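Inspection log for the structure reproduced underneath, given as structure tokens.
Values in this text are rule-based calculations from the coordinates and carry no lab data. Since this is a predicted model, take the numbers as computed values, not measurements. Using ideal geometry, Cβ is built from the backbone for each residue, glycine included, and neighbour counts are taken over all protein chains shown.
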Amino acid sequence: MNLKDFIRSIPDYPKKGILFRDITTLIKDEKAFAETINLIVEKSKKYKFDKVAAIESRGFVFASAVSYILKKPFIMLRKKDKLPADVHSVDFELEYGTATIEVHKDSISENETVLIIDDLIATGGTAEAAAKLIELSKGKVAAFIFVINLFDLGGSDNLLKKDYKVENLINFPGH
């Protein structure tokens, strides 16, 4: 199955000049979604980790299923002011703005390893912020797994240069 066939490309969304890779067409197909989850699970078996984390919100779709299959705790990395208890926060830049993500301070214990899953990597700002949250919690990043890598935007390369392990299922140009 070629998962690329299930990704819809939408020009000029969320703003002019951005070519948005839409995963809703992948997750609405039960066979493509199941194949995606199975591939993430297979890739995750290369790594030793204690917990699975996902970046809000589309990462939750994939990571919660992987967490369930692997019987690992699931950690939500959420947008600012969405978590009710004490949090670590990291501000970062996106390819089309700025944002903040947070994690509950009690989600990750010292030296726990965390697999981070998200739907897409572009410039890598969100992924780097996610890694900082894990590290602020005194945890370690086991690896990143992305469904889509926009390879020409350099996010995966930036993570690799920082000695993070990176996996992806699909490669697309970002433009």
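General observations
- Zero-based 10 Å bins, Cα pair distances in the chain, whole percents: 10, 40, 37, 12, 0
- Of the residues Ala65, Ala127, Ala143, the one that moves most in a GNM of the chain with alpha-carbon contacts below 10 Å is Ala65.
- Comparing Val147, Val103, Val87 in a Gaussian network model of the chain (Cα springs below 10 Å), the most mobile by mean-square fluctuation is Val87.
- Fewest-first ranking of Leu77, Leu19, using other Cβ atoms within 10 Å as the exposure measure: Leu19, Leu77
- Under a 5 Å amide H cut-off, with hydrogens placed 1.01 Å from N, Ile145 pairs with Ile116, Ile117, Asp118, Glu167 among residues at least 5 apart or on other chains.
- Ranked by the mean number of other Cβ atoms within 10 Å per residue, highest first, peptides 27-33, 135-141 order as 135-141, 27-33.
- Max mean-square fluctuation residue, GNM over the chain, Cα-Cα springs under 10 Å, options Asp22, Asp86, Asp157: Asp86
- Put in line by how crowded their Cβ is, counting other Cβ atoms within 10 Å and starting with the fewest, Tyr164, Tyr47 read Tyr47, Tyr164.
- Charges were assigned to the Cβ only: +1 to each Lys and Arg, -1 to each Asp and Glu. The resulting dipole of the chain about its Cα centre is roughly 280 debye.
- Of interest is the spacing of the C-alpha centroids, which for segment 130-168 and segment 69-88 amounts to 18 Å.
- Mean sequence separation of contacting Cα pairs (under 8 Å, at least six apart), scaled by the length of the chain, corresponds to a relative contact order of 19 percent.
- Cα-Cα over 31 Å, subset of Lys4/Lys138; Lys45/Lys132; Lys31/Lys161; Lys46/Lys105; Lys48/Lys79: Lys4/Lys138; Lys31/Lys161
- Computed [θ] at 222 nm, deg cm²/dmol, the chain (DSSP H ≥ 4; -39,500 (n - 2.57); rounded to nearest 500): -8500 deg cm²/dmol
- DSSP-defined antiparallel bridges as percent of all bridges, the chain, nearest 5: 40 percent
- The chymotrypsin sites (Phe, Trp or Tyr not before Pro) of segment 81-157 that DSSP puts in a loop, and whose beta carbon has at most 14 other beta carbons within 10 Å, are Tyr96.
- Candidate membrane-span-like segments in the chain, meaning DSSP H helices with Cα atoms spread over at least 15 Å of their own axis and a Kyte-Doolittle mean of 0.5 or above, are 58-70, 125-136, with no membrane implied.
- Here's the picture: charge each Lys and Arg Cβ at +1 and each Asp and Glu Cβ at -1 in segment 48-172, and of Tyr68, Ala129, Gly155 the one pushed furthest to the positive end of that dipole is Tyr68.
- Dipole of the chain computed with +1 at Lys/Arg Cβ and -1 at Asp/Glu Cβ about the Cα centre; of Phe172, Ala143, His104, farthest Cα towards the positive end is Ala143.
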